[in-house]
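Below: the structure, in structure tokens.
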Amino acid sequence: MVTRVLASSCAVLTAFRCWSASGHLDLYWIDSEGGGSTLIVTSAGESVLIDSGNAGVRDPHRIQHVAADVAHLDHLDHYITTHFHSDHMGGAPELSQLIPIQNLWDNGLPDGDPDGNVGSGWPLTSKAYRNLPVKERHKVVPGSVIPLRGDHLKLACAISRQQPWNTPAWPISKASLPAGQPPVKATDTSDNANSSAWVLIWGAFRFFDAGDLTWNTETRLVEPAVLVPEVDVFQVTHHGLDVSNNPWLLRALNPTVSVMNNGSTKGTAPEVIQTLRSLPGLKAQYQVHKNLRSNEGDNNCPDDHIANLTANCSGNYIHCDVSDEGATYKIEIPGNGAKATYTSRRK
Ligand SMILES: [Zn+2]
């Protein structure tokens with residue numbers, strides 16, 4: 001239950017009270033170079049990691065560094081894999097050796113390649129994940145709620161395996177959508193389309209993370225009925241690729257701040273940048289990486305809102321410190337000293 005290692009002289013038995021009295025909830029976008037790895041630490045000190053970055057040692061060590069050295073965690077209470085691609089699930093086996101994982105949540109690991117590729121070696125490549133040393137495994141369904149302690153706190157699944165939660169327990173967005181019907185893109189037969197999407201609510205504050213959910217499946221969250229709330233912080237879906245980030249969904253989410261977990265040459269698609277810039281309520285964009293593709297003109301946010309400006313980087317993270325029971329939140333990049341405070345829209 002007690003999740004944070006003491007950083008001060010607080011005795012172990014008082015650690016929970018120290019943190020629960022802090023009145024803060026923290027979000028960290030850890031640099032997995034175009035993978036997904038978002039850490040949530042609640043005001044009660046419970047932790048949820050959404051996706052574990054790439055396989056190898058780099059991303060698990062970056063996650064472990066933020067979890068242990070920055071957030072003072074000695075284990076992860078919950079780990080969610082949004083879908084079975086290596087940039088989201090690859091780091092889990094190595095990470096589980098660095099920091100214990102209690103509960104694993106995923107869509108149910110398939111026996112065959114999740115993208116339907118024959119002869120991909122899936123049984124072998126997924127073996128370490130299949131054998132993850134966790135206490136309990138849970139299959140995500142639409143409406144799954146991660147059990148977290150705390151008043152006015154909820155982390156729930158809005159869509160999983162292309163099935164939306166049709167009776168969501170949050171106030172539905174009333175933001176105006178573009179006219180007409182949402183446009184359709186080429187059918188995505190990959191596991192990206194099966195990504196689980198998560199809404200985090202703490203008091204007035206709301207956050208949305210949809211892994212790599214793709215365009216036509218995103219439409220199911222707004223047609224025939226809008227099923228998402230308006231949010232304060234939006235994790236740009238799929239690293240900012242334009243097979244995701246359907247403007248109908250983004251208009252419904254109506255975020256104040258966007259955070260893109262892109263890589264130096266991955267994501268940050270010009271179409272997505274244009275969509276973000278057109279959102280009526282968006283006040284600030286952040287990127288884990290500067291897009292270094294040279295032929296796309298001005299498609300980065302200002303340098304001080306970017307955690308890593310070069311390809312050969314030190315893996316700086318972005319931190320969101322939500323305080324006052326969700327009334328305000330500060331986004332900071334410790335690597336460059338940037339800080340800005342925002343007020344939750346529903347305060
Ligand atoms: Zn991805």
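The values are calculated or read from the model by the stated rules, or taken from the named source; none is laboratory data. Computed from a predicted structure; not experimentally measured. Backbone-built Cβ (ideal geometry, glycine too); neighbour counts: all protein chains shown.
So the values come out like this:
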{"quantity": "Which numbered condition Thr343 misses (of (1) under 20 Å from the mean Cα position of the chain (by Cα); (2) of a type in the set (S, T, N, Q); (3) over 30 Å from Ser294 (Cβ atoms))", "calculated": "(1)"}
{"quantity": "Residue tally, condition modelled with pLDDT of 95 or more, under 26 Å from Pro60 (Cα atoms) and outside any strand (DSSP E or B), over segment 311-335", "calculated": "5"}
{"quantity": "Flag for Ser32 being at pLDDT below 95 and assigned to a loop (DSSP other than H, G, I, E, B)", "calculated": "no"}
{"quantity": "Among (1) in contact with a helix residue (DSSP H, G or I) (Cβ under 8 Å, 6 or more places away or on another chain); (2) among the small types (Gly, Ala, Ser); (3) surrounded by fewer than 18 Cβ atoms within 10 Å (Cβ to Cβ) - the single one Ala193 does not satisfy", "calculated": "(3)"}
{"quantity": "Where a residue in segment 233-262 is over 21 Å from His305 (Cα atoms) and its partner, wherever it lies, is of a type in the set (D, E, K, R) and within 16 Å of the ligand (Cβ to nearest atom), with Cβ under 7 Å and at least six apart", "calculated": "Val243/Asp188; Ser244/Asp212; Ser244/Glu218; Asn246/Glu218; Leu249/Glu218"}
{"quantity": "Hits in segment 187-246 (condition: part of a helix (DSSP H, G or I) and over 23 Å from Ile146 (Cα atoms))", "calculated": "Trp215, Asn216, Thr219, His239, Gly240"}
{"quantity": "Of all residues in segment 44-59 being more than 22 Å from Leu124 (Cβ to Cβ) and outside any loop (DSSP other than H, G, I, E, B), the one that is farthest from the ligand (Cβ to nearest atom)", "calculated": "Ser47"}
{"quantity": "Candidate set from segment 28-43 (those that are more than 16 Å from the ligand (Cβ to nearest atom) and farther than 14 Å from His78 by Cα); member that is surrounded by the fewest Cβ atoms within 10 Å (Cβ to Cβ)", "calculated": "Tyr28"}
{"quantity": "Residue within segment 17-29 that is touching a strand residue (DSSP E or B) at 6+ places or on another chain (Cβ under 8 Å), of a type in the set (Asp, Glu), at pLDDT 95 or above and outside any loop (DSSP other than H, G, I, E, B) present", "calculated": "yes"}
{"quantity": "Selection status of Ser195, in contact (Cβ under 8 Å) with a residue 12 or more places away in the chain, touching a His at 6+ places or on another chain (Cβ under 9 Å) and over 23 Å from Lys154 (Cα atoms)", "calculated": "no"}
{"quantity": "Unmet requirement for Gly337, which otherwise passes all of (1) over 19 Å from Val41 (Cα atoms); (2) in contact with a helix residue (DSSP H, G or I) (Cβ under 8 Å, 6 or more places away or on another chain); (3) not hydrophobic (A, V, I, L, M, F, W, C)", "calculated": "(2)"}
{"quantity": "Pick from segment 82-100, criterion buried (at least 21 other Cβ atoms within 10 Å of the Cβ) and without any contact (Cβ under 8 Å) to a residue 40 or more places away in the chain, ranking: nearest to the ligand (Cβ to nearest atom)", "calculated": "Glu94"}
{"quantity": "Qualifying positions in segment 213-268 - under 23 Å from Ile201 (Cα atoms), within 16 Å of the ligand (Cβ to nearest atom) and either more than 17 Å from the chain's Cα centre (by Cα) or modelled with pLDDT under 95 (or both)", "calculated": "Thr217"}
